[in-house]
1. I'm trying to understand the selection: among the residues of the stretch 145-172, which are surrounded by 21 or more Cβ atoms within 10 Å (Cβ to Cβ) and either over 16 Å from the mean Cα position of the chain (by Cα) or on the phi > 0 side of the Ramachandran plot (or both)?
2. Which ones in the stretch 256-279 are assigned to a strand (DSSP E or B) and touching a residue at least 40 places away in the same chain (Cβ under 8 Å)?
3. Do we find that Pro282 is under 26 Å from Asp35 (Cα atoms) and either surrounded by 15 or more Cβ atoms within 10 Å (Cβ to Cβ) or at pLDDT 95 or above (or both) in this structure?
4. Among the residues that make up the stretch 233-244, is at least one of them farther than 30 Å from Lys144 by Cβ, in a loop (DSSP other than H, G, I, E, B) and of a type in the set (A, V, I, L, M, F, W, C)?
5. Say we look at the stretch 182-197 and pick out the residues that are part of a loop (DSSP other than H, G, I, E, B) and either hydrophobic (A, V, I, L, M, F, W, C) or within 15 Å of Thr225 (Cα to Cα) (or both); which of these is modelled with the lowest pLDDT?
6. Looking at Thr253, Thr228, which is the one that is of a type in the set (Ser, Thr, Tyr), out of contact with any strand residue (DSSP E or B) (no Cβ under 6 Å at 6 or more places or on another chain) and outside any helix (DSSP H, G or I)?
7. I'd like to verify a number: residues in the stretch 111-133 that are surrounded by 17 or more Cβ atoms within 10 Å (Cβ to Cβ) and within 24 Å of Lys164 (Cβ to Cβ), how many?
8. Please enumerate the residues belonging to the stretch 141-180 that are free of Cβ contacts under 8 Å to residues at least 24 places away in the same chain and either within 30 Å of Leu32 (Cβ to Cβ) or part of a strand (DSSP E or B) (or both).
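The values are calculated or read from the model by the stated rules, or taken from the named source; none is laboratory data. Predicted model only: the values in this text are computed from it and were never measured. Please note: Cβ atoms are built from the backbone with ideal geometry, for glycine as well, and neighbour counts cover all protein chains shown.
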Amino acid sequence: MKKYTVTDQTGRLDKVISDLDTAISRSRAKSLIDDGRIRVNDEPAKPKYHVQSGDKIVVDDVLPQPISLTPEDIPLDIVYEDNDVIVVNKPQGMVVHPSPGHPDHTLVNALLFHSPLSTINGEFRPGIVHRIDKDTSGLLMVAKNDAAHQFLSQQLKEQKSLRKYVALVHGRIGEDSGVINAPIGRSPKDRKKQAIVADGRPAVTHFEVLERFADYTLVSCRLETGRTHQIRVHMKYIHHPIVGDPLYGPRKTISGHGQFLHAQELGFEHPKTHELMIFSAPLPKIFEDTLNNLRVNNALGS
């Protein structure tokens, strides 16, 4: 932890920090700001903030844990595989790729043990075309070579892939279906969260009610875009946060191992055969057990 008080320094925060501490480059300072590890006057900092005389800056520049790309013999639930793609059903609780705080035991470590992967998505994300959160379960497409990766990534960019989720949310949704169109960006109040912000990236989620309970609703959500935490943020935005969501949901909720959100359907055009391929994965046992319990103890009219 490093502390500074601005005297005669001027300019953007990331520049001033690199001037105050030669061990911190400007790009490193921006990364620390984005990670919520720099505060100005006890408030989360923004990269474009221009410092003022008397500002008190706190920098948490703890060195991250070393990240390992070591292949690990971790069991995988592979739904489909050929020479170009793997479709895997990720369990709840597994991180997709190594990062600070999660240096190993990730899906990527397991995939590397199983097969060669594409190399075009950064050093620590080989093969990963799209991600789902640690505590979200369900289907992911993984590229085994660079040509497949580029083809699948382009489909995502052009919004041609099918990604359907099942979510259990708080409250009873009155409409049978709807569209949530609200831009998402990093929360100005908490850098660990995403939020609906005016200058955020476009985000569209289509939802359909599958089943209603007295205090909860089971919905299907189809992603038109793929922003970080999109379904979680959008459902909170319409006042129906996902059950068990530790970031966006209420504290009083049904216990589980994270949010009740499952990537149930995945569809894409195969990069080599151009066949339309659609896959589905059953709900995890804890999700099914929770629904069965609600049907008995939280049924409509009970």
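1. Passing the criteria: Ala148, His149, Leu152, Leu168, Val169, His170.
2. Leu261, His262, Ala263, Gln264, Glu265, Leu266, Gly267, Phe268, Glu269, Met277, Ile278, Phe279
3. For Pro282, the condition - under 26 Å from Asp35 (Cα atoms) and either surrounded by 15 or more Cβ atoms within 10 Å (Cβ to Cβ) or at pLDDT 95 or above (or both) - is not met.
4. So far as the stretch 233-244 goes, yes, one or more of its residues are farther than 30 Å from Lys144 by Cβ, in a loop (DSSP other than H, G, I, E, B) and of a type in the set (A, V, I, L, M, F, W, C).
5. Across the stretch 182-197, the extreme among qualifying residues is Val197.
6. On inspection, the qualifying residue turns out to be Thr253.
7. Within the stretch 111-133, residues that are surrounded by 17 or more Cβ atoms within 10 Å (Cβ to Cβ) and within 24 Å of Lys164 (Cβ to Cβ) number 9.
8. Within the stretch 141-180, just Lys157 meets the criteria.
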